[in-house]
Amino acid sequence: MKRIIALTVAFAIAGFSLTAQQTREMKHHNKGNQMHHGQKKNMVKDLNLTDAQKTQLKADKEANKAKMEALNKQDNITVKEMRERKAALQQEQKAKMDALLTPDQKATIAADKANMESKRKDMDGKRGEAMKEKLGLSNDQAAKLKTHNEATHSKIKAIRDNQSLSMEQKKEQMKAVKESSKAQRNSILTAEQIKKMDEMKKEGSRKGGQKGRKEVK
């Protein structure tokens, strides 16, 4: 029961503050999703929610789910209307969450988000240095990639924080940002560096798959 409540609260908070599932290009996000899920569970613990708050959050989530399911069954509305109604339901859920939390709890969420952002930047810095060495990047290339990555992160964060967009719209816009980001990144790298990066990604995917199979066993 405690696990169910914890997951319920985590998803509700995700709706309230669509934060940090890193923007580092969507494919690489199975691991990122797992990390983010752990971060959300830690945020839940930090909030020290009362039993009444947990009960209300669960009830709100179930009510929102029922409304979403009913909306998905409507086949007499346009795609645009569907998106607008889903966005409205998401906004309604956020408003309920906002009204339920105390000022101290909201401040805790803000502090956790700031901490997560700081850790992200630190990780990005270390990753950038490792990438510079492995790909043989010049200082100019490294600086351009850093600026590019920060700009991409800001764009995706803006999409995630835009409560007027439905989940489908967010996915579409994030996909467009990803494609644009890849093109811009490739314009900075040489053909040899692009090839080496692709090889590194394939190697990382293979290692990730092997690790997953070992854990299943």
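Some points to look at:
- Inter-residue pairs, beta-carbon under 8 Å, first closer than 21 Å to Ala183 by Cβ and in region 198-213, second modelled with pLDDT of 80 or more, 6+ apart: Met200/Lys134
- Applying a threshold of 7 Å to beta carbon distances and a minimum spacing of six or more residues, or different chains, the list of pairs starting in region 105-122 at a residue that is within 18 Å of Leu47 (Cβ to Cβ) and ending at one that is surrounded by 12 or more Cβ atoms within 10 Å (Cβ to Cβ) and of a type outside the set (A, V, I, L, M) reads Thr108/Asp46; Ile109/Ser17; Asp112/Asp46; Lys113/Ser17; Lys113/Thr19; Met116/Thr19; Met116/Gln39.
- Helices (runs of 4 or more DSSP H) contained entirely in region 103-217, each with at least 1 residues that are loosely packed, with under 11 Cβ neighbours inside 10 Å, within 21 Å of the chain's Cα centre (by Cα) and of a type in the set (Lys, Arg): 103-135
The values are calculated or read from the model by the stated rules, or taken from the named source; none is laboratory data. All values reported here derive from a predicted model rather than from experimental measurement. Heads up, the Cβs are rebuilt from the backbone with ideal geometry, glycines too, and the neighbour counts pull from every protein chain shown.
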